[in-house]
Amino acid sequence: YVFAITCVLAICVLSMLYPARNINYVVNMAPTTNQAGRRRTLMRACVHFTRELVLDDGFSRTDRTDSANALRWYLQELREADAAVRLGGDKSITTGADYHTKGHNEVMYDEGCPWREDATDCSTEGMPGREDVSKHGLQFLLASFYDAVETVLSRYAGPASEYNTHFRTHDDVATAEEFAVVEVQTERLELLESDRDVRFILTAFAGDVFDGLGMILTLFHRETAELLDSIHVETQLLFAVYVGVVALLFYWTLFRRTVWFALHEVDKARDFVMMLPTHVLRSDDVHHLVDFFLPSPTGTDDDDHDAPDQLEGSRLPLPERRASLAHEGPPRTTAFQSSGSAGFQVVR
């Protein structure tokens, strides 16, 4: 019994501890996936405010200073999110993807552009000086994007000392009054094409940068799904092992052994009864003795029936007992014979 209970307890502990080895990884994947998806949003915000900074026409209800500050803020958030996803240690991410996801490293650092339909063609037409930025991996492409944004800020924004985050707390009334009338500055529209850094940033909105970040996000989703599926299979397997062990130990070992032990005790009781000196008892006494081992007719196990009183004759002194037997006639032999599960049968 101690061995069986120990085995069941060990299986219970194993069922909890073995899947628990993945808890840290599962917990880490949630913020990693969140920041990986957030990178695409932050990148597109950078593209949007780059365009607004260059045009400076007020259609987005921001002036040049607010556009520049917003661009700086979103660029900084993008860099922090990217570093957290890759290296960890920030944004609630304990371990970066660089240390545990092979597919992520292949997309980020290996040569090629796997996010394109034709991964062998990584050329970028119409981008003087940046024709081959996509073929060196996503990390090189992101670094080029950061560099282009910094260049645009230095070219069109004010000094960095003017940076603040007031753009995040706009006064709707004041903003509506300030931009009650807006006018397109057509002469600045040409900058969107003539400035190669601006054009490179604008193509990232739905180009290689966006597609590459989307591919990384898909890898994280697939990895998380595979991990959860494996945990589910392991849990089912451990439960099946637990049920099997319990059935094996408690039925085949404990229950059957207990039943065997009870039957063995029955056999021992029968052997004991067969050794009783029934040849010195009267016929009526034998019946009372047999009744002691049979179930009560009323369905209750009452040991205080009238057998002791009716066996009073068997307690006579030996001389008187012999005289009584002689008075009854010739000695009669009486023995017990087992009749299977039906109890005992008196044979004269």
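The values are calculated or read from the model by the stated rules, or taken from the named source; none is laboratory data. From a predicted model like this one, the values you see are computed outputs, not experimental measurements. Every residue, glycine as well, gets a Cβ built from its backbone with ideal geometry; the counts of neighbours run over all protein chains shown. Just so you know, the surface numbers come from the protein's heavy atoms only, side chains and all, with ligands and any DNA or RNA stripped out. Shrake-Rupley method; radii C 1.70, N 1.55, O 1.52, S 1.80 Å.
Summing Cβ point charges (Lys, Arg +1; Asp, Glu -1) relative to the Cα centre of the range 52-142 gives a dipole of roughly 360 debye. Close amide-amide hydrogen proximity is noted between Arg116 and no other residue 5 or more places distant or on a separate chain, at a cut-off under 5 Å (H modeled in the peptide plane; Pro and chain starts excluded). Can you give the FRET efficiency to the nearest 0.05 for Val259 and Val13, using r as the Cβ-Cβ distance and R₀ = 41 Å? Given R0 = 41 Å and the Cβ-Cβ separation, E is 0.85. Using the Cβ of Arg86 as centre and a radius below 12 Å, the other residues enclosed give a net charge of -1, where K and R count +1 and D and E count -1. Among the trypsin sites (Lys or Arg not before Pro) within the range 86-142, not one is in coil by DSSP while having at most 14 neighbouring Cβ atoms inside 10 Å. Amide H contacts of His136: Gly112, each under 5 Å away and 5 or more positions distant or on a separate chain (H built 1.01 Å from N in the peptide plane; Pro and chain starts excluded). Taking Cα centre as origin and charging only the Cβ of basic (Lys, Arg, +1) and acidic (Asp, Glu, -1) residues, the dipole magnitude of the range 185-259 rounds to 940 debye. Charged neighbours of Glu117, selected by a Cβ distance under 14 Å, balance to -3 (K, R count +1; D, E count -1). For the range 1-144, relative contact order (Cα pairs under 8 Å, six or more residues apart, normalised by length) works out to 16 percent.
Using a 1.4 Å probe on the protein heavy atoms, what percent of the accessible area of the range 220-280 belongs to carbon and sulfur? Of the solvent-accessible surface of the range 220-280, carbon and sulfur hold 72 percent. Listed peptides 36-42, 20-26 appear in the order 36-42, 20-26 once ranked by packing, highest mean of other Cβ atoms within 10 Å at the front. In terms of packing, defined here as the mean over residues of other Cβ atoms within 10 angstrom, the peptides 219-230, 155-166 line up highest first as 219-230, 155-166.
Between Leu248 and Glu106, the simple spin-label model (points 7 angstrom out along Cα→Cβ) gives 4.0 nm. Modelled spin-label separation between Arg270 and Tyr99, with each label point placed 7 Å from Cα along the Cα-to-Cβ direction: 7.1 nm.
Here r is the Cβ-Cβ distance between Thr218 and Tyr1 and R0 is 56 Å; the resulting FRET efficiency, rounded to 0.05, is 0.55.
Summing +1 for each Lys or Arg and -1 for each Asp or Glu among the other residues whose beta-carbon sits under 12 angstrom from that of Arg199 gives -2.
Full extension of the chain segment joining Val26 with Ser283 gains 84.4 nm, where the gain is 0.36 nm per residue of separation less the Cα-Cα distance. Each residue, Glu226 and Ala83, gets one label point 7 Å from its Cα in the Cβ direction; the gap between the two is 3.0 nm.
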